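Contents: one structure, followed by commentary.
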Amino acid sequence: MEKYVCNICSYVYDPEQGDPDGGISPGTAFTDLPDDWICPICGSGKDEFVPE
């Protein structure tokens, strides 16, 4: 699964780790994240992320 990086703060979403604090289980692909998921660092939406 591909990692995605936030254009605003450079946070990297790693699907192998998920986003436990945001309720996202490890193994969740970026494309499977809910549409309202936001960056846990800066609060940007999924549209600010690009493949790493």
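A few points about this structure:
- Considering region 29-52, and only residues there that are of a type in the set (F, W, Y) and in contact with an Asp or Glu (Cβ under 9 Å, 6 or more places away or on another chain), the residue that is nearest to P15 (Cα to Cα) turns out to be F30.
- When region 16-44 is filtered for residues that are open to solvent by less than 50 Å² (accessible area, probe 1.4 Å), at pLDDT 95 or above and more than 8 Å from the chain's Cα centre (by Cα), the ones remaining, listed by number, are I24, G27, T28, A29, G43, S44.
- The single condition from (1) outside any loop (DSSP other than H, G, I, E, B); (2) open to solvent by less than 60 Å² (accessible area, probe 1.4 Å); (3) of a type outside the set (V, I, T) that D47 fails is (2).
- D19 without any contact (Cβ under 8 Å) to a residue 12 or more places away in the chain and charged (D, E, K, R): no
- Scanning region 27-44 for residues that are in a helix (DSSP H, G or I) and touching a Lys or Arg at 6+ places or on another chain (Cβ under 8 Å) returns a single hit, F30.
The values are calculated or read from the model by the stated rules, or taken from the named source; none is laboratory data. Keep in mind the model is a prediction, meaning the values are calculated, not measured. So basically every Cβ, Gly included, is an ideal-geometry build from the backbone, and we count neighbours across all protein chains shown. These area figures cover heavy atoms from the full protein model, side chains too; ligands, DNA and RNA do not enter into them. Shrake-Rupley method; radii C 1.70, N 1.55, O 1.52, S 1.80 Å.
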